[in-house]
Amino acid sequence: MAVKMSVRRTLINFNNFTHTDKISFVFGSINGQLRSAFGKLSALHAKNSFSFAIVTGNLFSEAQDDDQLAELFDGRIEISCPTYFTVGTIQLPARVIKRIEKDEEIAPNLHYLGKRSVTKTSEGVRIVALGGVLDMNIVAGLSQEQHDPLHTEGDAKALRGANNADILLTTMWPTDVWRNSSKAKELQIGPETAPSSQTIAELCEALKPRYHFAMSPGNFTFEREPFFPDAANEDKDKGIALTRFISLAPWANAAKAKSMFAFTLNRDAIITPPVGSTLTPFYKPAPKKRTVDQPEFNRFSDGHHTHDHDHRRHKHPRRERPSPPGPDRCFFCLSNPDLPTHMVCSVGEETYLATAKGPLPAADTFAKQGLNFPGHFIITPLVHAASLSATAMTTGDGTKPEEPAQKTFREMKQFREALQDMVADVSQGKLGGVTWEINRARNIHVHWQFMPVLAEMVGSGMVEAGFRVLAEDLKLGKFTVKEFGTADEVPGEYFRVWIWAKADDGNVVGKCLLLRFDEGVRFDLQYPRKVMAKLLGLEPRMVWQDVVQSKEEEVADVLAFRAAFKPWDFTLDD
């Protein structure tokens, strides 16, 4: 569909900014025109002192001028303020990738955000980036390369765990962003105008950024009217979450369409929507129940990574953090750029499934029962939160209690049941499963752990006895028995374990044990692993750090599991 052009000679208007405002700056695609674009930035920065700049779309071109690239590397092209970019629709130049992989500075003040990342600038501005276009050939999981101009639905879903953003930067547009927009009608913008993605629409809806910048596919700019959520989702104390979607034309385009934009991040509460704003253009299947939280236990990732203007990686995590790590450093959050995504097996709408780091069983532990992988898994919500208890439920920005996150719990339960059914079927009834949860106020990110166990141990009561005896030895307290499929929401601090198997007659043998404790109890986080190690005769593998696998072994286990799990993987249905 042709886009009606609106030619604008004036590219930026600074009249609305006061001297006390911190102004930021955005480019459309620069497409390799480094000298002229950054020269303009320097001239404007001298007058306005920008906080930082962002390049949307393609910073470089497919046939990048080597002379300009050399000047950039040598610092002869001045970048006058911290400038951020991600991958667009074309591959980054090989020389740029080489510098990124070596963790070297591309150029002074030029920072690569990564393809899928959460970045917090030194001034506290939170940028969530998802570069590249959607690759429909990858039906599940996350993309592995951080430089390719492609992403998966799993990448977009994973970033919902960031909870909130000041700025959302994407290559593709969110589907339906043109709905309810008189500007879109005027410019004849619709579904055929730009590549769009429903998962990016859901990401924007979940994060509610102040600004969403996306690449323009042609010589035109679409600056949509601001939009806000349904009134039912308003927080009267915090005001309305207002989002501005802006897609800038490429730098120095022939139509002279707007290719630069300056803005300030207004942190004051917005009580009344500005004139011309609209309700959200995105379809909302249901209010997103931003979840919940639970414990840190057997770590899925042992690395942390934070971004700042210096963009240096911290080789050693700080032990003395005054507050828990956020999603960009959390070792359970898929939005953490350092997360070992090769261990992710399946990504759902609310949760994901991954293999455990340093699994208790080895790859051949259950070989006689038909499994050719360890079978130790982590089930984790995409949203960064601490507990599944009803009293710990929070909204997307972590501020206001709301009703229990039933949707998240249901999908965690769906993964658990799929794993149970898989191990029972593959082992011809010889294996059952144990799933546990540790709920503490000091937890970082909710997760469950699943592990196979011999079905005969479940049927004979050995598994239940193992948990009860060690709990008594450690003076943790006494268990109560709950219905296997209930007790979904439990307030306070507790340990919960589901023990499951199929009996010889085909009937299910299932039990849920609940152990409550208060803050005065020193709960041993390795308690469930110790129980399972003793039951399975795997005491030499009790400490997970002692049995960490190589990346090749981890990848092999994931591939073997995916092949076995495919008939039960509900995330592949569509």
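Residues that are of a type in the set (Lys, Arg) and within 32 Å of the chain's Cα centre (by Cα) within the stretch 57-104 comprise ARG95, LYS98, ARG99, LYS102, listed in sequence order. Residues of the stretch 433-465 that are among the polar types (S, T, N, Q), surrounded by 23 or more Cβ atoms within 10 Å (Cβ to Cβ) and at pLDDT 90 or above: THR435, GLN449. Checked across the stretch 144-164, the condition of being surrounded by fewer than 23 Cβ atoms within 10 Å (Cβ to Cβ) and without any contact (Cβ under 8 Å) to a residue 60 or more places away in the chain holds for at least one residue. The residues in the stretch 429-482 that are of a type in the set (S, T, N, Q) and under 30 Å from ASP328 (Cβ atoms) can be counted, and the count is 4. In the set (1) buried (at least 21 other Cβ atoms within 10 Å of the Cβ); (2) under 18 Å from PRO274 (Cβ atoms); (3) not hydrophobic (A, V, I, L, M, F, W, C), GLU225 fails one condition alone, (1).
Is it true that THR391 is under 22 Å from the mean Cα position of the chain (by Cα), modelled with pLDDT under 50, among the polar types (S, T, N, Q) and closer than 22 Å to GLY492 by Cα? No. Restricting GLY396, GLY348, GLY370 to those that are modelled with pLDDT of 90 or more and either small (Gly, Ala, Ser) or more than 22 Å from GLU437 (Cβ to Cβ) (or both) reduces the list to GLY370. Those strands (runs of 3 or more DSSP E) of the stretch 461-574 in which at least 1 residues are touching a helix residue (DSSP H, G or I) at 6+ places or on another chain (Cβ under 6 Å), assigned by TED's automatic domain parsing to the domain that holds ILE378 and under 19 Å from PHE377 (Cβ atoms), considering only elements entirely within it, cover 494-502. Does VAL548 meet the test of being surrounded by 12 or more Cβ atoms within 10 Å (Cβ to Cβ), in contact with a Ser or Thr (Cβ under 7 Å, 6 or more places away or on another chain) and closer than 30 Å to ASP338 by Cβ? For VAL548, the condition - surrounded by 12 or more Cβ atoms within 10 Å (Cβ to Cβ), in contact with a Ser or Thr (Cβ under 7 Å, 6 or more places away or on another chain) and closer than 30 Å to ASP338 by Cβ - is not met. Condition (residue is out of contact with any strand residue (DSSP E or B) (no Cβ under 7 Å at 6 or more places or on another chain) and either outside the structural domain of PRO195 (by TED's automatic domain parsing) or in contact (Cβ under 8 Å) with a residue 40 or more places away in the chain (or both)) applied to the stretch 58-72: is it met by at least one residue? Looking for residues that are out of contact with any strand residue (DSSP E or B) (no Cβ under 7 Å at 6 or more places or on another chain) and either outside the structural domain of PRO195 (by TED's automatic domain parsing) or in contact (Cβ under 8 Å) with a residue 40 or more places away in the chain (or both), one finds at least one in the stretch 58-72, hence yes. Checking the stretch 22-36 against the condition returns a match, with at least one residue being under 30 Å from GLU186 (Cβ atoms), modelled with pLDDT under 95 and touching a helix residue (DSSP H, G or I) at 6+ places or on another chain (Cβ under 8 Å).
What do you reckon, is ILE200 assigned to a loop (DSSP other than H, G, I, E, B), buried (at least 22 other Cβ atoms within 10 Å of the Cβ) and in contact (Cβ under 8 Å) with a residue 12 or more places away in the chain? So ILE200 fails the test.
Of all the residues in the stretch 21-41, those that are under 30 Å from ASP268 (Cβ atoms) and not charged (D, E, K, R) number 7. Within the stretch 352-360, is even one residue modelled with pLDDT of 90 or more, within 30 Å of LEU536 (Cβ to Cβ), surrounded by fewer than 23 Cβ atoms within 10 Å (Cβ to Cβ) and outside the structural domain of VAL128 (by TED's automatic domain parsing)? For the stretch 352-360, residues modelled with pLDDT of 90 or more, within 30 Å of LEU536 (Cβ to Cβ), surrounded by fewer than 23 Cβ atoms within 10 Å (Cβ to Cβ) and outside the structural domain of VAL128 (by TED's automatic domain parsing): present.
Looking only at the stretch 87-105, residues that are buried (at least 21 other Cβ atoms within 10 Å of the Cβ) and touching a Lys or Arg at 6+ places or on another chain (Cβ under 7 Å) come to 1 in all. State the number of residues belonging to the stretch 243-271 that are under 13 Å from GLY28 (Cα atoms) and either surrounded by fewer than 17 Cβ atoms within 10 Å (Cβ to Cβ) or not assigned by TED's automatic domain parsing to the domain that holds PHE228 (or both). The qualifying residues number 2.
The values are calculated or read from the model by the stated rules, or taken from the named source; none is laboratory data. What you see is a predicted model; the values in this text were computed from it and never measured. Positions of Cβ are generated from backbone atoms using ideal geometry, with glycine treated the same way; all protein chains shown enter the neighbour counts.
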